[in-house]
Amino acid sequence: MRLPASFLVCVVFILGVLPGCGGDNPLGRKALSGVVTLDGAPLEKGAIEFHPLEEKGVQSGGMIESGKYSIPAASGATAGKYRVQIIDTYETPAMPPGYMPGDPLPPPPKSKVPPDWNSKSKHEIEVKKEGPFKFNFDIVTTKK
């Protein structure tokens, strides 16, 4: 059985295009993962952000669940130095009984993560081209 030339042209075209689809990572982003603890226990819920300290870097971040975070390469960081920010998240508190629109909202729960790990963070990491790409953070709020 002989295949039509147009079929062969289509097959060659598809095989030539496929390697360029989906797998490209032109910036060289790296998947990042790790564990975040708060006073020795896993941080239940939160977010982690990596802010570039160099022009060539790209901002990255992800969610923390049960103390673990995992950021895929597609949204990971490039090689370079980054400032780390960690924020704990919480469920929105229920409205008090009898709440009416315009009533003052109850204050949100106080953040468990101290400002020196989020809004005033000076914690840094360096993502190297060859790795490792696992970064663990232990936040200590109690003085010993």
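Each value in this text was obtained by applying a stated rule to the coordinates, not by laboratory testing. Computed from a predicted model, the values in this text were never measured in an experiment. Backbone-built Cβ (ideal geometry, glycine too); neighbour counts: all protein chains shown.
Residues whose amide H lies under 5 Å from that of residue 68, counting only those 5 or more places away or on a different chain, are 36; hydrogens are built 1.01 Å from N in the peptide plane. Peptides 109-122, 57-70 ranked from most to least packed give 57-70, 109-122, packing being the mean of other C-beta atoms within 10 angstrom over each peptide's residues.
Database remark: amide H of residue 46 closer than 5 angstrom to the amide H of 64, 89 (H placed geometrically; neighbours at sequence offset of 5 or more, or on other chains; Pro and chain starts carry no H).
Here region 89-144 is assigned +1 on the Cβ of each Lys and Arg and -1 on the Cβ of each Asp and Glu. Its dipole about the Cα centre then comes out at about 300 debye. Listed by chain and number, the aspartates and glutamates placed with their C-alpha closer than 17 angstrom to that of residue 120 are 49, 88, 138; residues fewer than eight positions away on the same chain are left out. Each of 51, 123 was scored by other Cβ atoms within 10 Å of its Cβ. Listed from fewest to most, they are 123, 51.
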